1. For Cα pairs less than 8 Å apart in space and 6+ apart in sequence, what is the mean separation divided by the residue count of the chain, i.e. the relative contact order in percent?
2. Over the chain, with the other protein chains present, what is the accessible area per residue in square angstrom, probe 1.4 angstrom?
3. Quick check on the chain: what does the Kirkwood estimate of hydrodynamic radius come out to from the alpha carbon pairs, in Å?
4. For residue 45 and residue 32 in the same chain, what is the full-extension length gain: residue separation times 0.36 nm, less their Cα-Cα distance, in nm?
5. Could you state how much accessible area residue 14 has, in square angstrom rounded to the nearest 10, with a 1.4 Å probe and all protein chains kept in place?
6. On C-alpha positions alone, give me the angle between the axis of helix 2-22 and the longest principal axis of the chain, in degrees, nearest 10.
7. Given a 1.4 angstrom probe, I'd like the percentage of the accessible area of the chain that is carbon and sulfur, rounded to a whole number.
Amino acid sequence: MTKEKDKKTMKDKEIALIFAKKNKFSMVVSKKDDAGHVYFEAYALDGPECSLVTAPKKIVVTEGKAAWMEK
């Protein structure tokens, strides 16, 4: 079961990264909330020192589609 979950998380991370890059973000980090649900944070980095340009935005992947997480 864990291998299947890890495989799904990696596939979802790929989907989240494609979505993030289309929206001008540079990288995606996977996170878990208190309930154990996986979500992703997208970061926009800029410059030679890779400084953070904007605050991270949360992405959720559901049924193979990525979207910004509602607040």
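1. Details: 104 pairs, mean separation 17.2, N = 71.
It rounds to 24 percent for the chain.
2. Values: 5700 Å² over 71 residues.
Counting only protein heavy atoms, the per-residue value for the chain is 80 Å².
3. Every distinct Cα pair counted, the radius reaches 12.6 Å.
4. Working: separation 13, 0.36 × 13 = 4.68 nm, distance 2.23 nm.
The span from residue 45 to residue 32 would gain 2.5 nm if fully extended.
5. 110 Å²
6. The answer is roughly 30 degrees.
7. Working: 3120 of 5700 Å².
For the chain, the apolar C and S fraction of the accessible surface comes to 55 percent.
The values are calculated or read from the model by the stated rules, or taken from the named source; none is laboratory data. Nothing here was measured: the structure is a model prediction, and the numbers come from that model. Just so you know, the surface numbers come from the protein's heavy atoms only, side chains and all, with ligands and any DNA or RNA stripped out. Shrake-Rupley method; radii C 1.70, N 1.55, O 1.52, S 1.80 Å.
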